[in-house]
Amino acid sequence: MLVRETPHNAEIATEALDLFITPTADRFLRSNFGVPRIDSRNHKVEVGGAVIRPLSLGLTDLRAMPHRTLVVTTECAGNHRTSLSPLPPGEPWQGNAVSTGTFTGVPLAALLERTGLRPGAAEILAEGADRGRVASGETPFARSLPLEKALDPDTLLALEMNGKPLKPAHGAPLRLIVPGWYGMASVKWVSRIEALTAPFAGYFQSERYIFLESGRTAEPVREMRVKASFSSPAPGESVELGPVLISGMAWSGSAPIAKVEVAFAGGSDWLEARLTGPAERHAWRRWELTWVPPWRGRHVLRCRATDASGNFQPDVPRWNALGYGANAVQSLAVLVR
């Protein structure tokens, strides 16, 4: 489901939304610049800044360190941008810029423990090998994390996805994985890590991936907002009159999914769906509900999720100038034959 040819950005097919682990070939693609050419055999990650012992590590060094494997759902911050009106600038993501993978790598905290942090270190910058032109000139893609998030044992420098080495389009040979946060935090093609004593003000930190709303102070885009989405029936699919299994996935960066509800008509008549399948802390949760259509014709189904912290999907998306974090109640038109 191509969104842009260059750089290559694409959503996953709707049928892939019904799989707990997204096959590598089906995973959504998002990059601000082209895929860099990297010689994995000689690739080094430079670790410096406010550290006691600067390091230059190759992939062999990283593979020799203790590893962790996590199942992580990643969503593009601009997913469902087309649900906002007026439409903000940016890639016109519809709703399938989300995927789940199994990632294996070195906890970023282990690397920082090896270097040692100097007093005053407050953020950890990750810079990718990809670069290109923006309004202010040429820049690499770079993002920083608050120290607390960087030291979270689940924040990984990943070498593998779905049991195999990363593919170039997905950040090979090394990418950051930041569970619970929108995808821009999971910097691909990592080439440099720097401990900072002052907030990072790079283009993709201060000019993009921020919530800009009238009358409000700009806020950084971070945790994925709670969301449930339909995976079956597919958009435009028709079904026979009789029991129909309605299913989908739900996720939140703040807390586990507590419930998913589905409505089959207007108003506030919501039915709670069953949560099924694996319940991994950083991954989406499958939900399903059997529906018996009362008549033939067109029906509009809606779904919404609530997480364990009490966050829930609003009826309409919260508009912001750059089109991030759209998580309104999802609708699906179904034709019953």
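The values are calculated or read from the model by the stated rules, or taken from the named source; none is laboratory data. Quantities reported herein were computed from a predicted structural model and do not represent experimental measurements. Glycine also receives a Cβ, built like all others from the backbone with ideal geometry; neighbour counts cover every protein chain displayed. Keep in mind that these areas ignore ligands, DNA and RNA; they rest on the heavy atoms of the full protein, side chains included. Shrake-Rupley method; radii C 1.70, N 1.55, O 1.52, S 1.80 Å.
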Open item on the list: Being among the small types (Gly, Ala, Ser) and either over 20 Å from Leu59 (Cα atoms) or more than 17 Å from the chain's Cα centre (by Cα) (or both): is that true of Ala169 here?
Closed with: no
- [ ] Considering only region 272-326, give the strands (runs of 3 or more DSSP E) lying wholly within it that have at least 1 residues that are in contact with a Pro (Cβ under 9 Å, 6 or more places away or on another chain) and surrounded by 19 or more Cβ atoms within 10 Å (Cβ to Cβ).
- [x] 285-291, 297-307
TODO: Scan region 24-59 for residues that are aliphatic (A, V, I, L, M), in contact with a helix residue (DSSP H, G or I) (Cβ under 9 Å, 6 or more places away or on another chain) and open to solvent by 60 Å² or more (accessible area, probe 1.4 Å) and report the count.
DONE: 2
Task: Verdict on Pro89 being out of contact with any His (no Cβ under 6 Å at 6 or more places or on another chain) and surrounded by fewer than 16 Cβ atoms within 10 Å (Cβ to Cβ) - done: yes
Open item on the list: Please go through region 2-15 and give me each residue that is charged (D, E, K, R) and either open to solvent by 50 Å² or more (accessible area, probe 1.4 Å) or without any contact (Cβ under 8 Å) to a residue 24 or more places away in the chain (or both), ordered by number.
Closed with: Arg4, Glu5, Glu15
Open item on the list: What's the number of the only condition in (1) modelled with pLDDT under 95; (2) more than 21 Å from Val190 (Cα to Cα); (3) surrounded by fewer than 19 Cβ atoms within 10 Å (Cβ to Cβ) that Ile21 fails to meet?
Closed with: (1)
Task: All positions within region 230-265 that are of a type in the set (Phe, Trp, Tyr) and within 26 Å of the chain's Cα centre (by Cα) - done: Phe230, Trp251
